[in-house]
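Colleague: Take a look at the following structure, please.
The values are calculated or read from the model by the stated rules, or taken from the named source; none is laboratory data. Please read all numbers here as calculations on a predicted model, not as lab measurements. We place every Cβ from the backbone using ideal geometry, glycine too, and count neighbours over all the protein chains shown. We work out accessible area using only protein heavy atoms, side chains counted, and drop any ligands, DNA or RNA first. Shrake-Rupley method; radii C 1.70, N 1.55, O 1.52, S 1.80 Å.
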Amino acid sequence: MNKVIPVAIGILLLAGMMQTSAFTKKTNNARQFFNNLKKHCGKAYEGKAIVGGGEAFDGKKLVMHVRSCKKNEIRIPFFVGENKSRTWVLTFKRNRILLKHDHRHEDGTSDKVTMYGGWSTNIGSPTMQIFPADQETAELIDYAAPNIWWMTVDDKSFTYNLRRMGTERLFTVKFDFADKLASPPDAPWGWQD
């Protein structure tokens, strides 16, 4: 009887290690997405609105710059013509990614509507992560409560997408990695290195 207990404990420990290993392998998707994006650190790309650009984007040069890459944070300014107010902030934590939108005025002060976004709901895939609006966003901008953002990255391109559920609103901007800028743009408004 005494020999059975250590054997049973050993089997349980082995099973737990196998489950942990399988879980870790699955959770690598968010980290892989994060690392795939980090490969572009320091680089800037010109893009175009594929769907739903409207007046704010029509005829304007669209640029993303993977400007800052830390171990668990990536900051990507998104320029629309001369407007340098937007930065996408991605934070990796506990095998998920938090997307926030940092909006600034030209003098560097925070916009009244800033730092909205949400957590990826699961580990996603190495090429796509989905971010439904979080509670902070719903309280900050009530009409954005049903927002869902998603980003894709593969060997050829990066896309940023927004869908307001329950409406026709859809926005997609695509950056082709073949359209790399020769030199990165100036810092976005309010940037501190």
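Colleague: Out of curiosity, is residue 55 open to solvent by 50 Å² or more (accessible area, probe 1.4 Å) and not aliphatic (A, V, I, L, M)?
Modeller: Values: open to solvent by 50 Å² or more (accessible area, probe 1.4 Å): yes; not aliphatic (A, V, I, L, M): yes.
So residue 55 passes the test.
Colleague: Restricting attention to the stretch 69-88, which residues are at negative phi and either surrounded by fewer than 17 Cβ atoms within 10 Å (Cβ to Cβ) or among the aromatic types (Phe, Trp, Tyr) (or both)?
Modeller: 70, 71, 72, 73, 78, 79, 82, 83, 88
Colleague: Would you pick out the residues in the stretch 103-119 that are among the hydroxyl-bearing types (Ser, Thr, Tyr), outside any strand (DSSP E or B) and open to solvent by 60 Å² or more (accessible area, probe 1.4 Å)?
Modeller: Filtering the stretch 103-119 for residues among the hydroxyl-bearing types (Ser, Thr, Tyr) gives 109-110, 114, 116.
Next, only the ones that are outside any strand (DSSP E or B) stay: 109, 114.
Passing the criteria: only 109.
Colleague: For the stretch 163-188, enumerate the residues that are open to solvent by less than 40 Å² (accessible area, probe 1.4 Å) and free of Cβ contacts under 8 Å to residues at least 24 places away in the same chain.
Modeller: 164
Colleague: Quick one: residue 142 ticks every box in (1) touching a strand residue (DSSP E or B) at 6+ places or on another chain (Cβ under 7 Å); (2) surrounded by fewer than 13 Cβ atoms within 10 Å (Cβ to Cβ) except a single one, so which number is it?
Modeller: Single failed check for residue 142: (1).
Colleague: Considering 93, 84, which residue is touching a residue at least 40 places away in the same chain (Cβ under 8 Å) and of a type outside the set (A, V, I, L, M, F, W, C)?
Modeller: Details: 93 fails: touching a residue at least 40 places away in the same chain (Cβ under 8 Å).
From the options 93, 84, the qualifying one is 84.
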